[in-house]
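> Got a structure here, written out as structure tokens. Questions coming.
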Amino acid sequence: MRNWLVIDLEATTEEGGWPVEDMEIIEIGASLVAVDGHELDHFQRFVRPLRRPCLTSFCRELTHISQANVDSAATLTTLWPQFERWLAPHLGNLAGWASWGDYDRRQFELEWQRHDLRSSLRPLPHTNLKQRFAEARKLKRAVGLHTALQLAGLAFQGQQHRALEDARNTARLLPLIFAT
Ligand code: AMP
Ligand code: MG
């Protein structure tokens, strides 16, 4: 049986949003799940942004991530080896990694390049579960995670727009998506 790594990122932003190039990761959440959806391991870290170290009030309210959370966090460059060490023993049994939409993949790719980071995720296939869910349910257009859970008869568990909780809620939809 092969496992899936579901990843969700939180990033700097303000009302109306920013282009990905202007955003920086402030939290990484990862839930390693078996195909039946049960969690085998998880990873969560705050990340200190460098370009705009001061979070906007909009960002703090959206994510419930405080200025102190990021001030006391390591930068992505310092933190990345921790993620790689956590991931290493799981790599052999990984079918791929997945996220809700394509944003998280784009943000990761951009920051790996910007900070010259070697990522074990890069060669692995990425699945856009938002798109896959819409196809599986024959929806006219892709929907947000909260709506997708509702359509599946599930309620969002925990705090929305927090990386690990978003990743875990996304992972709950995996068995439904792959069953079709
Ligand atoms: P999410 O995984 O949905 O929490 O979104 C990831 C990141 O996208 C957040 O940490 C924000 O930086 C940004 N974002 C999400 N929703 C919004 C929004 N309504 N307005 C501005 N930025 C947003
Ligand atoms: Mg999120």
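> If you scan segment 17-75, which residues turn out to be charged (D, E, K, R) and within 12 Å of ligand 1 (Cβ to nearest atom)?
First, the residues of segment 17-75 that are charged (D, E, K, R): 21-22, 24, 27, 36, 39, 41, 45, 48, 51-52, 60-61, 71.
Scanning segment 17-75 gives 22, 24, 27, 52, 60, 61.
> So which pairs qualify, if the first residue must be in segment 30-42 and touching a residue at least 60 places away in the same chain (Cβ under 8 Å), the second must be of a type in the set (Val, Ile, Thr), the Cβ gap must be under 6 Å, and the two must be at least 6 apart or on different chains?
30/7; 31/6; 39/33
> Output the residues belonging to segment 132-144 that are within 17 Å of the chain's Cα centre (by Cα), of a type outside the set (Val, Ile, Thr) and surrounded by 14 or more Cβ atoms within 10 Å (Cβ to Cβ). Write out each step before concluding.
Step one: of segment 132-144, the residues within 17 Å of the chain's Cα centre (by Cα) are 132-133, 143-144.
Remaining after also requiring of a type outside the set (Val, Ile, Thr): 132-133, 144.
If the condition is that a residue be within 17 Å of the chain's Cα centre (by Cα), of a type outside the set (Val, Ile, Thr) and surrounded by 14 or more Cβ atoms within 10 Å (Cβ to Cβ), then 132, 133 are the ones that fit.
> Given (1) within 25 Å of residue 178 (Cα to Cα); (2) of a type outside the set (Asp, Glu); (3) part of a loop (DSSP other than H, G, I, E, B), identify the lone condition not met by residue 134.
(3)
> In segment 145-180, how many residues are in a loop (DSSP other than H, G, I, E, B), out of contact with any Lys or Arg (no Cβ under 8 Å at 6 or more places or on another chain), closer than 22 Å to residue 28 by Cβ and of a type outside the set (Phe, Trp, Tyr)?
So the answer is 6.
> Any idea which of 14, 10, 27 is charged (D, E, K, R) and assigned to a loop (DSSP other than H, G, I, E, B)?
14
> Of these, 32, 110, which one is within 18 Å of the chain's Cα centre (by Cα) and farther than 30 Å from residue 154 by Cβ?
Numbers: 32 fails: farther than 30 Å from residue 154 by Cβ.
Being within 18 Å of the chain's Cα centre (by Cα) and farther than 30 Å from residue 154 by Cβ holds for just one of 32, 110, which is 110.
> Under the condition of being touching a residue at least 40 places away in the same chain (Cβ under 8 Å) and within 9 Å of ligand 2 (Cβ to nearest atom), which residue from segment 145-163 is surrounded by the most Cβ atoms within 10 Å (Cβ to Cβ)?
163
> Consider residue 47 carefully, then state whether it is of a type in the set (A, V, I, L, M) and away from ligand 2 (no atom under 12 Å from the Cβ).
Working: of a type in the set (A, V, I, L, M): yes; away from ligand 2 (no atom under 12 Å from the Cβ): yes.
Against the criterion (of a type in the set (A, V, I, L, M) and away from ligand 2 (no atom under 12 Å from the Cβ)), residue 47 qualifies.
Bear in mind these aren't lab numbers, they're just calculated from the coordinates by the rules spelled out. This is a predicted model, so every value here is computed, not measured. Neighbour counts are summed over all protein chains in view; Cβ atoms, including those assigned to glycine, are modelled from backbone coordinates with ideal geometry.
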